[in-house]
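Encoded as structure tokens, the structure appears first; notes follow it.
The values are calculated or read from the model by the stated rules, or taken from the named source; none is laboratory data. Everything numeric in this text was worked out from a predicted model, so none of it was measured. Don't worry about glycine lacking a Cβ; one is built from the backbone with ideal geometry, like all the others, and counts go over all protein chains shown. With ligands, DNA and RNA removed, areas are computed over all heavy atoms of the protein, side chains included. Shrake-Rupley method; radii C 1.70, N 1.55, O 1.52, S 1.80 Å.
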Amino acid sequence: MRIGLFGGTFNPIHRGHLRAASEVIKIFNLDHIFLIPAALPPHKTPVTVVSADDRLEMIKLAISGISGITVSDVELQRSGPSYTIDTVCHFKGTYPADALIYLIMGLDAFLEIDSWKSYLELLEQIPMIVMARPHERRQSTQQGWKILEDYFKSKISVDYRFSGSQNCFISAGMQPVHICDVKALNISSTKIRQEVKQKQTIENWVPTEVAEYIKHKGLYK
Ligand code: ATP
Ligand code: MG
């Protein structure tokens, strides 16, 4: 069994998430990926984040009919803010010990991992897949991986080194961090929220059913 855990705010889910997940399934030969929307602490939630119910519903609409991608509401069922370490423990407890479970995220998310609860324990516990993501301040994916290498050296103070043959960062006692050149789409939820506000069409960026849901519920206006 080979499983991927792909968390995020998904405010809203978009074609960039879906494309990246589909590519990772193929490249890493996964049985399936769970999309896991995060619960946010009420006092810290920006007004632009819509309710968990709406975010969950949009994910369901987006993945209906796509095989290999499912949604998990495990973080929404827990009380309090979502910590990835708890989610990883949950899934490790659910699957047999020989299941291979990866944590999947975009480069932008990984470059903040040192601010996450128990991040070193997380790196000890679960192999990760870091996906390329277009960024206005990076000209190429290669430049992104160089930034990642520097980040490992400066912020993750265990001796990860890059293994070209395995295309991942490795370190004794820690799990590998794979890098993955998905053909990432230059889409973000932030851009979609801005376009809705400016009354522009978002049909290119989200599945039709999601665009209709946003319109029908009057989200992000
Ligand atoms: P926001 O602009 O609100 O931050 P987002 O588009 O970054 O939204 P998130 O819900 O924050 O979406 O991201 C969840 C995960 O998906 C993160 O790991 C992020 O790096 C990854 N991700 C988001 N968009 C893409 C994309 N276009 N290609 C690859 N990965 C992506
Ligand atoms: Mg984001």
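Among the helices (runs of 4 or more DSSP H) lying completely within the stretch 1-90, list those that include at least 1 residues that are within 15 Å of ligand 1 (Cβ to nearest atom), touching a Lys or Arg at 6+ places or on another chain (Cβ under 7 Å) and open to solvent by less than 20 Å² (accessible area, probe 1.4 Å).
Counting at least 1 such residues, we get 52-63.
Are any residues in the stretch 41-62 modelled with pLDDT under 95 and farther than 16 Å from G218 by Cα, and if so, which ones?
The answer is P41, P42, H43, K44, T45, P46.
Applying the selection to the stretch 91-136, what residues are open to solvent by 50 Å² or more (accessible area, probe 1.4 Å), out of contact with any helix residue (DSSP H, G or I) (no Cβ under 8 Å at 6 or more places or on another chain) and away from ligand 1 (no atom under 15 Å from the Cβ)?
G93, T94, P96, A97, D98, L100, L120, E124
Consider only pairs whose beta carbons are under 8 Å apart and that are at least six residues apart or on different chains; among these, list those whose first residue lies in the stretch 188-205 and is among the acidic types (D, E) and whose second residue is within 16 Å of ligand 2 (Cβ to nearest atom).
That search, which allows pairs on different chains as well, returns E195/W205.
For P176, are the conditions met, namely being at pLDDT 95 or above and in contact with a helix residue (DSSP H, G or I) (Cβ under 7 Å, 6 or more places away or on another chain)?
No.
Could you count how many residues in the stretch 154-192 are farther than 30 Å from Y220 by Cβ and either within 16 Å of ligand 2 (Cβ to nearest atom) or polar (S, T, N, Q) (or both)? Explain how you work it out, then say what you get.
Looking only at the stretch 154-192, we keep the residues that are farther than 30 Å from Y220 by Cβ, and these are 154-179, 181.
Now restrict to residues that are either within 16 Å of ligand 2 (Cβ to nearest atom) or polar (S, T, N, Q) (or both): 154, 157, 163, 165-167, 171, 175.
Result for the stretch 154-192: 8.
Would you mind listing the strands (runs of 3 or more DSSP E) fully within the stretch 144-221 where at least 2 residues are surrounded by fewer than 15 Cβ atoms within 10 Å (Cβ to Cβ)?
161-163
Within the set of pairs 6+ apart or on separate chains, which have a first residue in the stretch 94-119 that is in contact (Cβ under 8 Å) with a residue 24 or more places away in the chain, a second that is of a type in the set (F, W, Y) and within 10 Å of ligand 1 (Cβ to nearest atom), and C-beta atoms under 8 Å apart?
I104/F6; M105/F6
Is it the case, given these coordinates, that V210 is within 16 Å of ligand 1 (Cβ to nearest atom), farther than 20 Å from V24 by Cβ and in contact with a Phe, Trp or Tyr (Cβ under 7 Å, 6 or more places away or on another chain)?
No; evaluated as a whole, the condition is false for this residue.
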